[in-house]
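Here the structure is laid out as structure tokens; the discussion comes afterwards.
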Amino acid sequence: MAHLQAIQVGRYSIERLYEHLTPQDRSALVQQCRGSADRGPTVWHVNSTAAGGGVAEMIAPLVGYGREIGLDIRWLVIQASPEFFEVTKRVDNGISGISGDGGALGEAEHKTYSNTSREAAAGLRDHVRSGDFVFLHDPQTAGLVAEISRIGATPIWRAHNGADRPNEHTERSWAFLHRYLTEVSAFAFTMPHFSPAWMTSRPLYTITPFIDPGSPKNARMNAGHAADVLADWGIVSGDQQSKATRRATIVREGPAPKTSTPMLAQVSRWDPVKDMEGVLTAFAEHLVDDTEAYLSLIGPEVTGVADDPEAEEYFERCVSLYKKLPEPVRRRCQLVCLPMGDRTANAMAVNAAQTHAAVVAQKSVSEGFGLTVAEAMWKGTAVVASDVGGISLQIEHDTSGVLVDWDDLQQFARSVDSLLNDSASRQEMGSAARERVRNLFLPNKHFLSELDLIDDLAKGHHL
Ligand code: UDP
């Protein structure tokens, strides 16, 4: 039976955020929150997983910091059957402009979707009250809109993914969702052009995601510490005596790379949209002979993300591509699945990989907003990423990273190669990247956008 689960998050020390802000940004946040704290409405965030994936990464600090600055922010997660997530994954893939598993989105899928949503919505009244504001994240939650409206709360639907150009897949997914979104009070997108034309019937806001600079994933880690953490997971070889004490699933031939070997890393879910296969192919065909770099493709263990049923199949595809590569290439790359059970340990491994890597890749086919891109930028690491979706907003080409065409393996390889050969550019780019994240993609900016949106809706300004 589908249901909603309330997720508890403890208070986050606000100093963990403040220490990274400019004095101006800090006072803007204090100012804005002074108006909203204590007398503001209860704000809910509803998504489909408490751990794993970008949305969960953001809601936890929103609740944690929000409580600390006096905002009443709460979190619900929809728990449902694999059949439901199969449908929503298909819809989400379509929104990203890709076909996904190629399955249907017809009346049978509507039945699965609406029955599950109805079951979950039955629990809303235990939590949400009239006057509350409810941010519903992604396709998994659109089926809750009508009930939230009936309760007298304000539903805001937020899509994290999107495609730069509409195509048959986006059209099909938007057509599927349309009937569930008619009573929404406002829409929020990372990039306005991700939204379909019919959404102009309601106000549309732009809210960019953020990373939490105080989290174990993004806290400053020095080079030695990063290497130790990776050695602990067996991702690099530590000193002679040390042995990996943590267990990750690693597909590799030969020993782990030495810490002194430059690493090209991509950290992301095992999903066709992230194109781990493209990175592997570009590395094998265009980089292995010209560089001494070692490639690490790192993702979560494939059974760890509840709303991502395709991960296992895609990981297997990557493994079979790896197995077909010539032996000398196989000895220069590894596929790593990090366990998700211990969230802090997982986050520190991601932090270590993004810190240790000479270059981080994000060769996505489409991307609403790449948290992994922002995370690597925050560590001052040079990033080579596809010029798609939200990434085009995150990176200014050649200043705070390098943007490449997602389908041009040679261009990708050339960009990685030239950065691997130029440590001064890597450093300069890394510093610019960190400043860009500080200015645009930390939680303070997100709070301001969210509070502005709520203020607008509460005052009826959008009408
Ligand atoms: N991630 C993680 N552990 C992993 C792999 C990824 O915690 O083993 C995190 C990653 O650090 C990032 C999030 O999952 O914070 C992925 O967000 P992104 O926006 O890059 O992509 P999404 O998964 O939302 O499509």
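Derivation of every value follows stated rules applied to the coordinates shown; laboratory data play no part. All values derive from a computational prediction rather than experimental measurement. No Cβ is skipped: glycine too gets one built from the backbone with ideal geometry, and neighbour counts run over all protein chains shown.
Please work out the Kirkwood hydrodynamic radius for the chain, using every pair of different C-alpha atoms, and report it in angstroms with one decimal place.
In the chain this quantity evaluates to 22.6 Å.
For the stretch 325-463, rounded, prolate or oblate, judged on the Cα gyration tensor with a ≥ b ≥ c (square roots of eigenvalues), a/c < 1.5 rounded, else prolate if a/b > b/c? Don't skip to the end; give the middle numbers.
Working: a/c = 2.05, a/b = 1.68, b/c = 1.22.
Verdict is prolate for the stretch 325-463.
With r as the distance between the Cβ atoms of GLN24 and ALA223 and R0 = 22 Å, compute the FRET efficiency 1/(1 + (r/R0)^6) and round to 0.05. If you can, show how the numbers build up before the last one.
Numbers: r = 31 Å, r/R0 = 1.43.
Efficiency at R0 = 22 Å is approximately 0.10.
Give me a comma-separated list of calculated 3J(HN,Hα) values for the stretch 395-411, in order, Karplus coefficients 6.51, -1.76, 1.60 applied at θ = phi - 60°, integers in Hz, x for any Gly or Pro.
For the stretch 395-411, the Karplus-derived couplings read 9, 8, 3, 6, 10, 10, x, 10, 9, 10, 5, 5, 9, 10, 5, 5, 5 Hz, x marking Gly and Pro.
Once both axes come from the Cα atoms, what is the angle between helix 82-95 and the longest principal axis of the chain, in degrees from 0 to 90, rounded to 10?
80
For LYS243, what is the net charge nearby, where nearby means another residue's Cβ is under 15 Å from its Cβ and Lys, Arg count +1, Asp, Glu -1? Kindly include the intermediate steps, with their values, before the conclusion.
Numbers: positive: ARG246, ARG247; negative: ASP228, ASP232, ASP239.
Cβ neighbours under 15 Å give a net charge of -1.
If you stretched the chain out fully between SER260 and HIS110, how much longer would it get, using 0.36 nm times the residue separation minus the C-alpha to C-alpha distance? Let's see the in-between values first.
Working: separation 150, 0.36 × 150 = 54.00 nm, distance 5.33 nm.
Contour length minus the Cα-Cα distance gives 48.7 nm.
Between rounded, prolate and oblate, where does the stretch 227-296 land on the alpha carbon gyration tensor, with a ≥ b ≥ c its root eigenvalues, rounded for a/c under 1.5, else prolate if a/b exceeds b/c?
Details: a/c = 2.56, a/b = 1.44, b/c = 1.77.
Oblate, because a/c is 1.5 or more while a/b does not exceed b/c.
Return, ordered by residue number, the residues of the stretch 429-463 whose backbone nitrogen is under 19 Å from a label point located 7 Å along Cα→Cβ of SER130.
Counting only backbone N, you get 458-460.
Return the distance in nm (one decimal) between the two label points of a simple spin-label model at THR303 and LYS459, each offset 7 Å from Cα along Cα→Cβ.
5.3
Can you find, among GLN79, TYR65, TYR294, the residue sitting farthest towards the positive end of the charge dipole of the chain, where Lys and Arg contribute +1 and Asp and Glu -1 at Cβ?
Towards the positive end, the residue furthest out is TYR65.
Please compute the net charge surrounding ALA231, taking Lys and Arg as +1 and Asp and Glu as -1 over other residues with Cβ under 11 Å from its Cβ.
Working: positive: LYS243, ARG246, LYS258; negative: ASP228, ASP232, ASP239.
Charge balance in the 11 Å sphere: 0.
Compute, for the chain, the length of the dipole vector about the Cα centre, with Cβ point charges of +1 (Lys, Arg) and -1 (Asp, Glu) only. Units Debye, rounded to 20. Working shown, then result.
Numbers: 44 positive and 59 negative charges, 216 e Å.
It comes to approximately 1040 debye.
Please state the charge dipole magnitude for the stretch 89-140, taken about the Cα centre, from unit charges on C-beta atoms (+1 on K and R, -1 on D and E), reported in debye and rounded to the nearest 20.
Details: 6 positive and 8 negative charges, 24 e Å.
It comes to approximately 120 debye.
Work from the charge dipole of the stretch 318-373 (Cβ charges, +1 for Lys and Arg, -1 for Asp and Glu, about the Cα centre) and give the residue of SER320, LEU371, ALA361 farthest towards its positive end.
Of SER320, LEU371, ALA361, it is SER320.
How much space per residue, in cubic angstrom, does the convex hull of the C-alpha atoms of the stretch 265-304 take up?
Dividing the Cα hull volume of the stretch 265-304 by its residues yields 57 Å³.
Quick one: check the C-alpha center-to-center distance for the stretch 277-323 versus the stretch 91-113, whole angstrom.
Their Cα centres are 25 Å away from one another.
For each of ARG252, ARG129, ARG26, count neighbouring Cβ atoms within 10 Å of the residue's Cβ, then give the residues from fewest to most.
On the way: ARG252 19, ARG129 13, ARG26 16.
In increasing order of surrounding Cβ atoms, one gets ARG129, ARG26, ARG252.
Estimate the FRET efficiency between GLU83 and ASP289 by the formula 1/(1 + (r/R0)^6), using the beta-carbon distance for r and 35 Å for R0, to the nearest 0.05.
Numbers: r = 47 Å, r/R0 = 1.33.
Step by step, r from the Cβ atoms, then E = 0.15.
Tell me, GLU367, GLU396, GLU68 in order of fewest to most beta-carbon neighbours within 10 Å? Could the numbers behind the result be given before it?
On the way: GLU367 31, GLU396 13, GLU68 17.
Sorted ascending by nearby Cβ count, the order is GLU396, GLU68, GLU367.
Looking at the calculated P(r) for the stretch 18-76, what percent of the C-alpha pair distances fall above 16 Å? Write down the numbers at each step before the final one.
Numbers: 869 of 1711 pairs.
The proportion of pairs with Cα distances above 16 Å equals 51 percent.
Report the charge-dipole magnitude of the stretch 30-145 in Debye, nearest 20, computed about the Cα centre from +1 at each Lys and Arg Cβ and -1 at each Asp and Glu Cβ.
Values: 10 positive and 14 negative charges, 83 e Å.
Roughly 400 debye for the stretch 30-145.
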